[in-house]
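Scroll down for the structure; my scribbles are underneath it.
Please treat every number below as a calculation from the coordinates, not as lab data. The shown structure was predicted, so the numbers you read here are calculated from the model rather than taken from an experiment. Counting neighbours? That spans all protein chains shown, and the Cβs are built from the backbone with ideal geometry, glycine included.
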Ligand code: HEM
Ligand SMILES: [Ca+2]
């Protein structure tokens, strides 16, 4: 883009009579050209730049008859309106008025030219107000089911709607698909006694966070796997639920508080304890925030009284405001701890990959796709200890599944839970009445988990190193049933092939089986099961692919795809952009979500100190998602 030096401090006499300008000594075109050869060139370059049609040449010449100052101003203003239109305009320079004044000095009959010059201005004025409208007054809180996030397309991303499809498959239907059990055994299964720790020492605390994120985004309906029962936004739905009934079940309905240490998503009870413990941290953070909001009571906005709020209104305002702030903390941890580790930036680095760069006011909302459901199944990452635990848990589930096959009745989850409790939770029936359980932890009479238990559980996840993720042959054997169901879901929902997915992301197709995994047994199995690289199914392809050499060492395609997904998830969420304001969150709330400037703008050090003081040391808080080095 050419750089143009503009005249500053222009003072324009708008009342100057036209005829004084006509008699200006510079009005002779030839003289101008002779004395100021650059000026004509400038006119003609503006003409080219603006794409002015040749038929207006005469008019351009006529503008040369304007007084020199006006000619210059006219030209630079025209140029500026094109070149600098994304920069703030100093309206005290009266450039707009100058153009109008300059145009008004043209002879009559030049309306076509005047229209030509002023049209971009009119267009700019029209475009000042984006359409369709993206935000309405009074729409500043998240709905319980995710609807209305996009005010234009309110059902996008709502709980209970279909998965989106990112890639349409145009491949011929494979009529010779391999048996999914064999796919698992030959491509996925971690051999007994084998464990390959994560090359960058990523810990199971990161994957506990990842499980919260994936449960926030995916909850396939077993009766109809085209449906996603959760919202397609990172709105902490495992904590707050997917509809008002679920949300109300964990609220005290007073002063915006949640019942002690509650969350909605029951699936998390069957996860290793770190997941529930981490979610309880967010549950407590909600109550910490609600309490703080009421204490500060900015401009009396939460006051109950005759001319203020009713108690029910106060509860709603505090709850919804605290929910937005809690969501802002979650977002901060995703941006500043989680994505940083995924990309491999050093803990001490100030590097910040900002997924919001270029973000505009969101218009379309977000709907997660079935392809991304597979991109996020990081079961291969499960650490050694969690894998051993999982083997015992899955035995219970498999026993119940076999029984269900024999009797034709659905799996008796109540019975599975009872046995799970007997083996892993050890809670009394009274304790179970107090809320969802976490294996090995106990609630006190007040319904809260004992702090020391939560802290120990989280610390244990911090210490447990995860497994490498890609290359194949490293998914815990106990997950066979789950993975086989996943492979079948991909087939039922007509997912694209692995190479079609890569093509969509503008990645070259893999043409040789040696390009998939480094493990010869995996390459051989792929060849036997699929015959050609183009036939490899999406989920198996994603799972066995070679790992990137840095960061989280993700399999290549997964690592690339999650970035597209993350940017879309974040940039399409109105509550992370348009509604993420001090006005909605209060000044204190907004600042809390911005994190601690002394800790690279991360909220996690502050949050853990507020919620579970002492669980991690200062140094550990700098690098939460990497297991400590063995001495
Ligand atoms: C020991 C740890 C884990 C266990 C026991 C586990 C268990 C399960 C089970 C039983 C399912 C089947 C669907 C359901 O009932 O929810 C599932 C699906 C899934 N898992 Fe895991 N998982 C674990 C770790 C992870 C991790 C670390 C991730 C990724 C960060 C992950 C991502 C997923 C995804 C995306 C689905 C599909 C969900 C859906 O479509 O509803 N899981 N997992
Ligand atoms: Ca959600």
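Over all distinct Cα-Cα pairs of the stretch 384-425, the Kirkwood formula returns a hydrodynamic radius of 10.8 Å. The calculated FRET efficiency for the pair residue 353 and residue 221, based on their C-beta separation and a Förster distance of 45 Å, comes to about 0.85.
Calculated FRET efficiency, residue 563 to residue 422, Cβ-Cβ distance, R0 = 45 Å: about 0.55 to the nearest 0.05. Let a ≥ b ≥ c be the square roots of the eigenvalues of the Cα gyration tensor of the stretch 513-631; is it rounded (a/c under 1.5), or, if not, prolate (a/b larger than b/c) or oblate? Since a/c reaches 1.5 but b/c is at least a/b, the shape of the stretch 513-631 is classed as oblate.
If packing is taken as the average count of other Cβ atoms within 10 Å, what order do 580-587, 167-174 fall into, highest mean first? Write out the running numbers ahead of the final one.
Values: 580-587: 16.2, 167-174: 11.6.
Per-residue mean Cβ counts within 10 Å order the peptides as 580-587, 167-174.
Extension gain, residue 430-residue 244: 0.36 nm per intervening residue step, less the Cα-Cα distance, totals 64.4 nm.
Relative to the longest principal axis of the Cα atoms of the chain, helix 556-571 runs at roughly 60 degrees. For the chain, the orientation-averaged shadow of the C-alpha convex hull comes to 38.6 nm² (one quarter of the hull surface). With the simple model of a label 7 Å out from the Cα in the direction of the Cβ, residue 118 to residue 515 spans 5.9 nm.
Helical content of the chain, expressed as a calculated mean residue ellipticity at 222 nm, amounts to -13500 deg cm²/dmol (DSSP H runs of 4 or more residues, -39,500 (n - 2.57) each, divided by residue number, nearest 500).
So if each residue of separation counts as 0.36 nm, and I subtract the Cα-Cα distance between residue 446 and residue 587, what length gain in nm does that give? Write out the running numbers ahead of the final one.
Values: separation 141, 0.36 × 141 = 50.76 nm, distance 3.18 nm.
Here the answer is 47.6 nm.
Treating r as the C-beta distance of residue 481 and residue 89 and R0 as 60 Å, the FRET efficiency rounds to 0.40. Using Cα atoms only, what is the angle between the long axis of helix 111-127 and the major principal axis of the chain, expressed in degrees (0 to 90) to the nearest 10? So the inclination is approximately 30 degrees. Among 157-166, 118-127, the peptide with the highest mean count of other Cβ atoms within 10 Å heads the list, and the full ranking is 157-166, 118-127.
Taking Cα atoms only, the orientation of helix 311-333 departs from the longest principal axis of the chain by about 90 degrees. Sorting 134, 284 from the fewest to the most surrounding beta carbons within 10 angstrom yields 134, 284. Within the stretch 415-508, the proportion of Cα pairs with more than 16 Å between them is 74 percent.
Packing-wise, with mean Cβ within 10 Å as the measure, how do 482-490, 192-200, 367-375 rank, highest first? Write out the running numbers ahead of the final one.
Details: 482-490: 19.3, 192-200: 12.9, 367-375: 24.0.
So the peptides 482-490, 192-200, 367-375, ranked by packing, come out 367-375, 482-490, 192-200.
You can think of it this way: the chain between residue 131 and residue 313 has 62.3 nm of extra reach, that is 0.36 nm per residue less the Cα-Cα gap.
Divide the volume of the convex hull around the Cα atoms of the stretch 145-262 by the residue count and you get 218 Å³ per residue.
Using only the Cα atoms of the stretch 287-378, construct the convex hull and provide its projected area averaged over every direction, in square nanometres to one decimal. Kindly include the intermediate steps, with their values, before the conclusion.
Working: hull surface 40.3 nm².
Mean orientational projected area (the stretch 287-378, Cα hull): 10.1 nm².
Look at the alpha carbon pairs under 8 Å that are at least 6 residues apart: their mean separation over the length of the chain gives a relative contact order of 20 percent.
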